[in-house]
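Encoded as structure tokens, the structure appears first; notes follow it.
The values are calculated or read from the model by the stated rules, or taken from the named source; none is laboratory data. Bear in mind the structure is a predicted one, so any value in this text is a computation, not a measurement. Using ideal geometry, Cβ is built from the backbone for each residue, glycine included, and neighbour counts are taken over all protein chains shown. Heavy atoms of the whole protein, side chains included, go into the accessibility calculation; ligands, DNA and RNA do not. Shrake-Rupley method; radii C 1.70, N 1.55, O 1.52, S 1.80 Å.
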There are 2 protein chains.
Amino acid sequence: METEQQHIQNRLDEAKNQFISTIAQNMGLYGVSDTNGRLYGTMLFADRPMTLDDMSEALGMSKMSMSTGIRALMDAGMVERVWEKGVRKDLYQSNDDWYQSFTSVFVNRWREASDNNQKAARRAKEDFEVFLEEAEDPYLIDVLQHDLEKINYALNYYEWLDEVIRIFESGEIFAMIPPK
Amino acid sequence: METEQQHIQNRLDEAKNQFISTIAQNMGLYGVSDTNGRLYGTMLFADRPMTLDDMSEALGMSKMSMSTGIRALMDAGMVERVWEKGVRKDLYQSNDDWYQSFTSVFVNRWREASDNNQKAARRAKEDFEVFLEEAEDPYLIDVLQHDLEKINYALNYYEWLDEVIRIFESGEIFAMIPPK
DNA sequence: TTGAGCGTAAAGTATATACTGTACATACAT
DNA sequence: ATGTATGTACAGTATATACTTTACGCTCAA
């Protein structure tokens, strides 16, 4: 027979779970899978650092999944490893500074994409310019000029995007829009 | 035997393809799949609006895939349908205003995520507060207070995030960081 | 009214992704 | 030194996603 307090505890766990499920679902935008999101949420509400076995128990999933999940969350800077002397098992806790950790995730992902795109655009531009020198057919020249315009437009866009990313990277965004 | 001009044309197509492949790969950040990204890229460089059959031919994929792909790109506002009288087939062209289309994609996705999270957080907060009233066990009370702190922190974060999204939604971002 | 051309729904298939179980290498305690 | 506990690589399996094929309903021309 469960006591009154146990009943509250159960409903509390249920409420937490519901919240965790929701944020986990929406973490796809940060490039975090659903289950890794639940993993993060579980650690967020844990009052102590957790071991892989703790997580495995809490989520009812294999320890191996926890291991790979933690690695992904660490890479994203959303989780950090902590040490306690006398404890053999690895201990992890969530990085609770969402402003820092989530903007860094955002910056890393978008910076990489922008860099790739810029490189590809510059390479295409060089090629197009060479072709333009060689071309004689008026129609081909016309096509090439239009294509060059597109590439130049893209390059400008990426420059702008870089500026946006920089605002987040440097922390200027927090001056523009102060955290509460 | 291919002429000089044809040879240029071939190399041009190759260069375009390489560029398209790169941006398509990085379009995952916008929630656009790789092949839909290629579809967009193909239309971007097309000098005329394209039919589903054109696309199917260009990408070497089934017309059905083009149909569903186009629908996704339309929903994202990255592609628009155009009419030409006397033409039976549906015609589509890329929306070339990247500042508009891509920021709107960004806003929609993040706004939805933020809304969901906020709803879940508010629901959790209400629950936690009820539990706090009912709780008597000091340890449980302590846990609840910490949990409430987390939820309040989350709510503040979502408010901040909403502000960030609003900057993009309203176009204020273009005053802060002007397009080139 | 009929027939051909068009877009898409539905079901089936292939490919990619996420997850698990086992087995191993490493580190620590005795 | 030896045994035990711990994290992870690897291979296999299940699940989800992307893609194709077939069939159908709708629209417009004749």
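Looking at A:Met61, A:Met78, which one is in contact with a Gly (Cβ under 9 Å, 6 or more places away or on another chain) and assigned by TED's automatic domain parsing to the domain that holds A:Ser33?
Details: A:Met78 fails: in contact with a Gly (Cβ under 9 Å, 6 or more places away or on another chain).
None of the other options fit; the residue is A:Met61.
Among the residues in the stretch A:163-180, are any at pLDDT below 95 and more than 19 Å from B:Phe168 (Cα to Cα)? Looking for residues that are at pLDDT below 95 and more than 19 Å from B:Phe168 (Cα to Cα), one finds at least one in the stretch A:163-180, hence yes.
Considering (1) within 17 Å of the chain's Cα centre (by Cα); (2) surrounded by 15 or more Cβ atoms within 10 Å (Cβ to Cβ), the lone condition that B:Tyr158 does not fulfil carries the number (1). Just one of the numbered conditions (1) in a loop (DSSP other than H, G, I, E, B); (2) open to solvent by 60 Å² or more (accessible area, probe 1.4 Å); (3) away from DNA strand D (no atom under 12 Å from the Cβ) is not true of A:Asn108: (1). Taken over the stretch B:129-138, the criterion of being within 7 Å of another protein chain (Cβ to nearest Cβ) and not in a loop (DSSP other than H, G, I, E, B) is satisfied by B:Phe131, B:Glu134.
Taking the criterion of being over 21 Å from A:Thr22 (Cα atoms) and surrounded by 14 or more Cβ atoms within 10 Å (Cβ to Cβ), the only residue of the stretch B:121-133 that qualifies is B:Leu132. Can you find a residue in the stretch A:80-97 that is at the interface with chain B (Cβ under 8 Å from one of its Cβ atoms) and either without any contact (Cβ under 8 Å) to a residue 24 or more places away in the chain or not basic (Lys, Arg) (or both)? Scanning the stretch A:80-97 turns up at least one residue that is at the interface with chain B (Cβ under 8 Å from one of its Cβ atoms) and either without any contact (Cβ under 8 Å) to a residue 24 or more places away in the chain or not basic (Lys, Arg) (or both). Of all the residues in the stretch B:1-29, those that are of a type in the set (D, E, K, R), facing chain A (nearest Cβ under 8 Å) and under 15 Å from A:Ala121 (Cα atoms) number 1. Restricting the first member to the stretch B:51-78 and to residues that are more than 17 Å from B:Gly31 (Cα to Cα) and away from chain A (no Cβ under 14 Å), and the second to residues that are among the polar types (S, T, N, Q) and away from DNA strand C (no atom under 12 Å from the Cβ), the beta-carbon pairs closer than 7 Å and six or more apart or on different chains are B:Met55/B:Thr42; B:Ala58/B:Thr42; B:Leu59/B:Thr42. When the residues of the stretch A:29-72 are filtered to those that are out of contact with any strand residue (DSSP E or B) (no Cβ under 8 Å at 6 or more places or on another chain) and aromatic (Phe, Trp, Tyr), the one that is farthest from DNA strand C (Cβ to nearest atom) is A:Phe45.
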